[in-house]
Amino acid sequence: MAIYFMDGKFTNKDEIKISIEDRGYYFGDGVYEVVKVYSGKFFTEEEHINRLFESAKKIKMTMPYTKEQISSIIKELIVQNKLIEGHVYLQVTRGSATRQHHFPTPSVQPVVTAYTVEATRPILDMEKGVSVKSVEDVRWLRCDIKSLNLLGSVLAKEEAKDAGYAEALLHRDGIVTEGSSTNMFGVKDGVVYTHPVSNLILEGITRQVVLTLCGQLGIPVKEQAFMLAEAYEMDEFFYTSTTAEVMPITKIDDQLIGSGKRGRYTEKLQQAFTAQIPRLGSGING
Ligand code: PSZ
């Protein structure tokens, strides 16, 4: 049976009881992370844990564990669940207290829960590419926080899925920001474009990895906002996330991108990304 973590204990799902007054449940008042596991080993664990603590700080929540303790919890979950390929989901809510908007007084302990998910890489989509639907970005103005409050993303993703698309391409007044749970990139004349880091996007860990790979491969990058109208005209388009890695986009709305097939820069970045993935027998970090 799968092992879950809650507040210091490793246990099975049925043993976990979340309070009806948990602020995550009432307000989406909390933060989370998804860490990818390849061959039983973490990928970019430190970056994810750092971002978790940054998100907690931005919502003025004191983490109940140190970074080292969070790392140990994730490691223990991987071992106990014998996870080889998939990810760890970990969230922290501000805790449980009588419903009132302001922070609980006296303060309460944040609630930490985590578990593992078995999942394989989306290899087929990574070769063939996917289509995305443009959706107006109506989320709040602190998208830099990886918060549990995801209704804007949920509605955008549903609108895309309902229309038969894999992901929503969000835009604010025509300016492309990111996806519902991904960062968006275009390639034009050999230059990679993506929205700059700001309060309007989540600074994805995979985004950082890809920008570093562009540097190593000598591919010029412009972290500069572009319009949806310009996105249609890009030679290539792709999105990134922890689970999607580097995902080619072959169609935006009813507009084919480039040749309508995975582009060559996208493929190069996928190859470089794959070369970084921990392999079986490649030493222990997890
Ligand atoms: O399994 C999934 O569908 C996942 S795992 C992580 C994400 C989706 N998305 C993270 C994310 C996001 O929520 C938003 C709004 N923008 C960008 C990203 C990509 O961030 P990284 O690369 O850190 O996963």
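Order by neighbour count: ILE78, ILE70, ILE257, fewest other Cβ atoms within 10 Å first, most last.
With the sparsest Cβ surroundings first, the list reads ILE78, ILE70, ILE257.
Once you list every other residue whose beta carbon is under 12 Å from the beta carbon of GLN208, what net charge do they have if Lys and Arg are +1 and Asp and Glu are -1?
So the surrounding residues net to -2.
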**Report entry** Residue pairs, from the table LYS157/LYS222; LYS13/LYS157; LYS57/LYS188; LYS57/LYS157; LYS36/LYS161; LYS57/LYS82, whose Cα atoms sit over 29 Å apart
**Finding:** LYS57/LYS188; LYS57/LYS82
Report summary line: Tilt, helix 264-276 to longest principal axis of the chain (alpha-carbon atoms), in degrees rounded to tens, equals 30
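Taking the number of other C-beta atoms within 10 Å as the exposure measure, put LYS82, LYS57 in order starting with the fewest.
Values: LYS82 10, LYS57 13.
By the 10 Å Cβ count, ascending: LYS82, LYS57.
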Requested in this report: Determine how many Å³ per residue the convex hull of the Cα atoms of segment 47-203 encloses.
Outcome: 162
Query - Residues whose placed amide H lies under 5 Å from that of ILE3, excluding near-sequence neighbours - result: none
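Compute the relative contact order of the chain as a whole-number percentage, counting only Cα pairs closer than 8 Å that sit 6 or more residues apart in sequence.
Value for the chain: 18 percent.
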Requested in this report: Could you work out, for the chain, what percent of all Cα-Cα pairs fall into each 5 Å distance bin, beginning at 0 Å and stopping at the bin that holds the largest distance?
Outcome: 1, 5, 12, 15, 17, 16, 14, 10, 6, 3, 1, 0
Query raised in the report: So how do ARG279, ARG262, ARG121 line up by other beta-carbon neighbours within 10 Å, fewest first?
Result: ARG279, ARG121, ARG262
**Report entry** Relative contact order (percent, whole number), segment 27-86, Cα cutoff 8 Å, 6+ residue spacing
**Finding:** 44
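Note down the magnitude of the dipole of segment 104-230 about its Cα centre, charges +1 on Lys and Arg C-beta and -1 on Asp and Glu C-beta and zero elsewhere, to the nearest 20 debye.
200
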Requested in this report: Using only alpha carbons, build the gyration tensor for segment 7-88 and give me the equivalent ellipsoid semi-axes, biggest first, whole Å.
Outcome: 22, 18, 11
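Every number in this text was worked out from the coordinates using simple rules, so none of it is lab data. Bear in mind the structure is a predicted one, so any value in this text is a computation, not a measurement. Reconstructed Cβ throughout: ideal geometry from the backbone, glycine too, with neighbour counts over all protein chains shown.
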